[in-house]
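The values are calculated or read from the model by the stated rules, or taken from the named source; none is laboratory data. Since the structure is predicted, the reported quantities are computational estimates derived from the model, not experimental observations. Note: ideal-geometry Cβ built from the backbone for every residue, glycine included; neighbour counts use all protein chains shown. Areas reflect the complete protein model, heavy atoms only, side chains present, ligands, DNA and RNA absent. Shrake-Rupley method; radii C 1.70, N 1.55, O 1.52, S 1.80 Å.
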Amino acid sequence: MEEILNTELSDIQLKRPSIVARLKSDKTYRWRVMQSCLLSLTSFTLGIIIGQQGPTFLDLQIITGTDVEMASYFFTSSAFGYMVGSFISGFFHGKVKSNLTMASASAGAGILSIITPYCSPFVLMLMIRLFTNTCLGAIDSLVNAEQIRIWGSEAQPLLQATLFTISLGGVVATLFTEPFLAEKETGNSTNRTDGELTIFMNSTSQWKQENTSNMTWLATNGTMLVKARTTNVHYAFLIAGIIAILTSFPFIYLSIVEKSTENKSEEKYTQRGQIRKLPKHLNIFVILMTCFFFLVYCCIEVSFPTFLMTFVVSEYVEVSKSKGTYITTFFWASLAVGRFVSFFMSKYITAVKLVGLSSFFLMIAFLGFTISAFFAQIDAITVFSGMAGVSMSAVFAAGFSWAESELLKVTGWVSSFILIADSMGLMINPLIIGYLMEEVSNMWFCYVLLSQTLLLCCIFLFLLLFNRFYLNKVYGKVGDSRNLETIVETILHDTDTFLETDMKT
């Protein structure tokens with residue numbers, strides 16, 4: 001045993017048991033797998049509620065009687081709620097049972113989702129979006145922190161799977177939401193029938209002047225009538241809410257019967273030490289730059305599908321709401337497929353390479369999207385939307401793994417800080433995009449996202465070079481001095497358990 005402990009880790013030739021064998025023989029491993037599956041299920045619900053926010057944006061305008069610029073505050077309120085939820089999750093992580101927190105957040109998100117379409121007052125809609133996304137922020141932060149806690153630096157494939165389920169939820173949400181959306185109103189038009197004049201006044205200036213974007217004005221024989229536009233989107237919110245509430249049940253059960261499962265072997269397995277010690281100011285700087293990277297990325301990832309349908313429907317007369325919904329669905333489907341493929345690619349390509357390649361192709365996608373939008377090529381817009389989805393697919397999970405393996409230790413608090421930074425950016429980004437689309441041109445949707453993608457690439461290159469050519473040389477690499485004894489004992493424990501089971505059988 002002493003000889004083994006004194007041998008370099010790379011010289012130890014122990015073959016790890018297969019996943020099936022470990023599931024049969026190791027209770028702790030089975031518990032981890034079950035927890036990861038439940039976390040992915042919760043992420044599916046998260047994707048449904050988030051994915052629904054983009055397609056229903058125009059219908060929430062109808063419900064609240066607002067224009068694009070004013071309704072953009074919905075996203076600001078949502079982002080602030082996400083930030084609050086992330087902070088709450090980070091504060092309670094490790095102090096309160098994670099299953100209880102997850103159950104409460106899932107049930108709360110479901111109930112609030114059902115209530116959302118009935119909140120016609122503008123201020124009430126802002127509040128309900130804030131509280132809904134508080135629950136979502138808590139879920140998102142807790143899922144990432146728990147996957148890292150359970151699997152340590154080996155969590156990248158699980159994080160990719162988690163993000164795949166979020167994308168899958170987004171696809172499902174757009175599909176069951178589309179049939180309940182209000183029909184698109186045509187532009188200003190005049191029809192005369194049997195001496196009666198019917199005028200549809202839906203221009204942006206009329207909306208702003210009268211604050212009646214949820215009304216159709218009818219002039220018949222000199223008499224002005226008002227016909228309310230209606231939407232059945234409350235059925236879509238009801239479906240999403242029921243799914244979220246049902247998702248909370250397994251966590252409610254586990255929070256009741258949960259016993260301590262973190263035995264010594266689990267602690268050894270999940271221990272991933274960050275031995276590199278940085279000066280306090282450098283450590284804070286790395287955390288801030290890492291948060292800034294994720295802030296910019298999440299502004300892109302969330303803003304694009306959120307405003308995509310609004311952009312294509314508002315900018316192009318020939319694009320209906322149904323067509324806009326399917327373009328958004330194509331984006332979510334591409335994102336889901338990309339994340340499914342990334343689950344397998346992450347085993348063969350390092351996290352930093354995945355982030356680099358994804359950032360490069362994301363730049364190409366938004367450049368193509370902008371050019372296609374300028375020349376009104378709808379089919380090309382659809383293609384580049386899908387390319388953007390594929391390019392985004394690996395960034396978040398690979399970014400977490402890259403940070404964990406090369407930059408810093410991703411604890412529950414660090415995970416929360418990242419999501420808090422994301423939320424701060426999302427509070428501002430919708431306001432900027434909404435204002436520019438409403439007051440200047442819809443094309444600013446493309447220009448803002450293209451600029452932010454360029455900034456994302458610059459931040460990535462700076463972090464990569466700063467870490468490789470300065471931090472690694474002066475302070476050493478992350479994990480250079482990992483506790484060899486702990487790692488070897490973990491491998492021996494898993495192998496011995498497998499051999500004992502095999503001999504018995």
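If you bin the C-alpha pair distances of segment 318-400 every 5 Å from 0, what whole percents do you get?
The distribution over segment 318-400 is 3, 17, 23, 22, 15, 10, 7, 3, 1, given as percents.
GLY85: net charge of surrounding residues, Cβ under 14 Å, Lys/Arg +1, Asp/Glu -1, itself excluded?
On the way: positive: ARG129; negative: ASP140, ASP422.
Here the charged neighbours net out to -1.
Taking the mean number of other Cβ atoms within 10 Å as a proxy for protection, how do you rank 462-470, 335-343, 61-69 from highest to lowest?
335-343, 61-69, 462-470
Once you have the Cα-Cα distance between LYS95 and MET127, take 0.36 nm times their residue separation minus that, and quote the gain in nm to one decimal.
8.7 nm
Please report the base-10 log of the normalised intensity I(q)/I(0) for segment 34-135, using a Debye sum with one equal scatterer per alpha carbon and no solvent, at each q in 0.14, 0.18 (1/Å).
Treating every Cα as an identical point scatterer, log10 I(q)/I(0) equals -0.56, -0.86.
Compute the signed sum of charges (Lys and Arg +1, Asp and Glu -1) over the other residues within less than 12 Å, Cβ to Cβ, of THR76.
Working: positive: ARG129; negative: GLU69.
Combined, the nearby Lys, Arg, Asp and Glu give 0.
At 1.4 Å probe size, put ILE243, ILE49 in order of accessible surface, largest to smallest. Working shown, then result.
Details: ILE243 45, ILE49 10 Å².
Order by accessible area, largest first: ILE243, ILE49.
Over 25 Å between C-alpha atoms is what I'm after, so list which of LYS27/LYS477; LYS97/LYS280; LYS347/LYS477; LYS97/LYS477 land there.
Cα-Cα > 25 Å for LYS27/LYS477; LYS97/LYS280; LYS97/LYS477; rest within.
Hey, with R₀ at 25 Å, roughly what FRET efficiency would MET443 and ASP379 work out to, going by the Cβ-Cβ distance, to 0.05?
Given R0 = 25 Å and the Cβ-Cβ separation, E is 0.85.
Calculate the FRET efficiency for LEU282 and ILE432 from the Cβ-Cβ distance with a Förster distance of 41 Å, rounded to the nearest 0.05.
Step by step, r from the Cβ atoms, then E = 0.80.
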